Amino acid sequence: MRIAPLFMGLGLIAAVAVVPATAQRSQDKAKADPNRLICRSTVKTGTLAGRERQCFTRAQWDEIASHAQRRGFELQEGLRGKPCGDPSGGGC
C-alpha cells in the first residue's frame, strides 16, 4: 500500500516537470524583447507603507542597472588607497 502513493507522486512530479519547460521557452522570448514594459514597486524612503511604481522598458532597466554598477565601481575605486581627508577626493 505504501508503494502506490509513491508511484502516484512520481507521476505527478513528471507531469509538472514537463509544463514549466514549455512555459520557460515562451517566457525567455518575452524577456528578450528590449521594448517590453516592466513596472517595479519600491518602498519610498522615510515611510513604511508608501510605495512608488516605476515603469520602464527592458532596455531602460538594463541601462539603469549598468549605470548604477558603473557608478558604484567608480566610487570604490576613488576611495581605494587614499587617506581620510585627502584633498584629491579620498574619504574614510
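The values are calculated or read from the model by the stated rules, or taken from the named source; none is laboratory data. Keep in mind that what you see is a predicted model, and the values were worked out from it rather than measured. Cβ: placed from backbone, ideal geometry, glycine included. Neighbour counts: every protein chain shown.
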Item to complete: May I ask you to verify whether Thr42 is in contact with a strand residue (DSSP E or B) (Cβ under 8 Å, 6 or more places away or on another chain), of a type in the set (S, T, N, Q) and modelled with pLDDT of 95 or more?
Response: no
Worksheet item: Among all residue pairs at least 6 apart or on different chains, which show Cβ distances below 9 Å where the first residue, located in region 57-68, is in contact (Cβ under 8 Å) with a residue 24 or more places away in the chain and the second is assigned to a helix (DSSP H, G or I) and surrounded by 10 or more Cβ atoms within 10 Å (Cβ to Cβ)?
Response: Arg58/Lys31
